[in-house]
Amino acid sequence: MLKFYKQFTNMRSPKLLLFSIFTLIFSFNLALAQNQSVLEGKIIVIDPGHGGTAATDSYRQGPTGEREEWIDLRVGLLLKELLEAKGAKVLMTRSSDVFVPLADRSKMAVDNKADFFVSIHHNATADSSVNFPIIYFHGLSSANKAGISFSKELAKNLVKFMYKTKTPISIVSDFTVFSSAGSSVLRGTYGIPGVLAEASLFTNPEEESRLKEKEHNYNEALAFAIAIEDFFKGEIPPIRPKITSDFPTEFATLQEAERMSPVAKRWYQDYTEAKQLMKSKNKETLQKAFDLFTQSAKSFPDSYVAGECHKYRVDILYKLGKSDEALQEEKRVREFYPLN
């Protein structure tokens, strides 16, 4: 600044002095704009999943008792700090371990004309050996382009900051787990860009242990924050209205507590056995393969192989002469499993 002051005082031409001052102000404003986050002024609703249900949801806890709703809240509060530091206006659907009706969570986003909605969750399954991120968008991949775009950005960052090693990812429609209407919070906020993300599986003992650590929670929150900022740096993809006729037929799956059963634990074994049976040309064997693919997809409908299970079901249905059913399955894969 002293350098500029000396230059200005040595200038004899008023026009030159005025031009130099204008240049300095322009350069300062440009630098300020470049440092300003795209999140400045954005209204973002963070929804830490569940809350206040320890007495009723006994399955929603890890091997040593760490509960999902506690983890969700810790990550949500850390994410709030990160986003507010970038200038965003952040609203929390809950800030303590209390029950909040699903409709009220969506209503907060809609009433406040939110620019973004994110529901933070962590998953459970009977197979305690697995751990990977699952991200849900609402509805159809062909309609919810914004959801797909952000899901891919988030998946990349979750792997980078939480897993730090090669890890399978799953990006699926919420209709894969709630076959009749999708997730309540995503359905209620449809039209606002957003996702429901299960960052990891707390039923994995090693992951449950990490999820108790603030550093791991922070890394997860950081992955969300960077993904949200990067999402807003580009052009926001469109979200088209849902058209009922575009949806495939319903495929009922095991729900929450049912997914902790011995049958559900076989999800990957059913998948691999079915792949072996697919090599046969015998119709009875193919039917058995079809049934195993079906069971795997029902047991773990949002797994990273569930989309493949449905693709194999398409092949078998055509081989069995059931082309109408095969067409429905093709639609399911295309609209609900965009990575397949």
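The values are calculated or read from the model by the stated rules, or taken from the named source; none is laboratory data. All of these numbers come straight from a predicted model, not from anything done at the bench. Note that each Cβ is placed from the backbone with ideal geometry, even for glycine, and that neighbours are counted across all protein chains shown. Heavy atoms of the whole protein, side chains included, go into the accessibility calculation; ligands, DNA and RNA do not. Shrake-Rupley method; radii C 1.70, N 1.55, O 1.52, S 1.80 Å.
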Whichever residue in the range 130-148 is among the hydroxyl-bearing types (S, T, Y) and more than 25 Å from Y218 (Cβ to Cβ) and, among such residues, is least open to solvent (accessible area, probe 1.4 Å): S141
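Results for (1) among the polar types (S, T, N, Q); (2) touching a Pro at 6+ places or on another chain (Cβ under 8 Å), shown as yes or no for each residue.
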| position | (1), (2) |
| --- | --- |
| L79 | no, no |
| A88 | no, no |
| T93 | yes, yes |
| F99 | no, no |
| F132 | no, yes |
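How about the range 271-337: which helices (runs of 4 or more DSSP H) wholly inside it have at least 2 residues that are in contact with a helix residue (DSSP H, G or I) (Cβ under 6 Å, 6 or more places away or on another chain) and hydroxyl-bearing (S, T, Y)?
Output list reads 283-299, 306-319.
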The range 82-92: number of residues that are in contact (Cβ under 8 Å) with a residue 24 or more places away in the chain, open to solvent by 20 Å² or more (accessible area, probe 1.4 Å) and outside any loop (DSSP other than H, G, I, E, B): 4
Residue pairs meeting the criteria (Cβ under 9 Å; at least 6 apart or on separate chains; first in contact (Cβ under 8 Å) with a residue 24 or more places away in the chain and farther than 19 Å from V75 by Cα, in the range 93-113; second open to solvent by 60 Å² or more (accessible area, probe 1.4 Å) and not in a loop (DSSP other than H, G, I, E, B)): S106/R187; N112/K89
All positions within the range 234-270 that are assigned to a helix (DSSP H, G or I), within 23 Å of the chain's Cα centre (by Cα), surrounded by 14 or more Cβ atoms within 10 Å (Cβ to Cβ) and in contact (Cβ under 8 Å) with a residue 60 or more places away in the chain: R259, M260, A264, W267, Y268
In the range 205-262, the residues that are at pLDDT below 95 and of a type in the set (V, I, T): T244
Selected residue (only one of S280, S296 is more than 20 Å from S183 (Cα to Cα) and within 28 Å of the chain's Cα centre (by Cα)): S296
Failed item, numbered, when Y163 is tested on (1) open to solvent by less than 40 Å² (accessible area, probe 1.4 Å); (2) without any contact (Cβ under 8 Å) to a residue 40 or more places away in the chain; (3) closer than 18 Å to K331 by Cβ: (3)
Tally of residues being touching a strand residue (DSSP E or B) at 6+ places or on another chain (Cβ under 8 Å), among the aliphatic types (A, V, I, L, M) and part of a helix (DSSP H, G or I) across the range 98-121: 2
Residue in the range 291-308 that is among the β-branched types (V, I, T), touching a residue at least 12 places away in the same chain (Cβ under 8 Å) and over 27 Å from H138 (Cβ atoms) present: no
The range 36-79 - residue that is open to solvent by 30 Å² or more (accessible area, probe 1.4 Å) and in a strand (DSSP E or B) and, of those, modelled with the highest pLDDT: I43
So S95, is it outside any helix (DSSP H, G or I) and either among the polar types (S, T, N, Q) or open to solvent by 10 Å² or more (accessible area, probe 1.4 Å) (or both): yes
When residues of the range 309-336 are limited to those that are without any contact (Cβ under 8 Å) to a residue 40 or more places away in the chain and among the basic types (K, R), the one least open to solvent (accessible area, probe 1.4 Å): R313
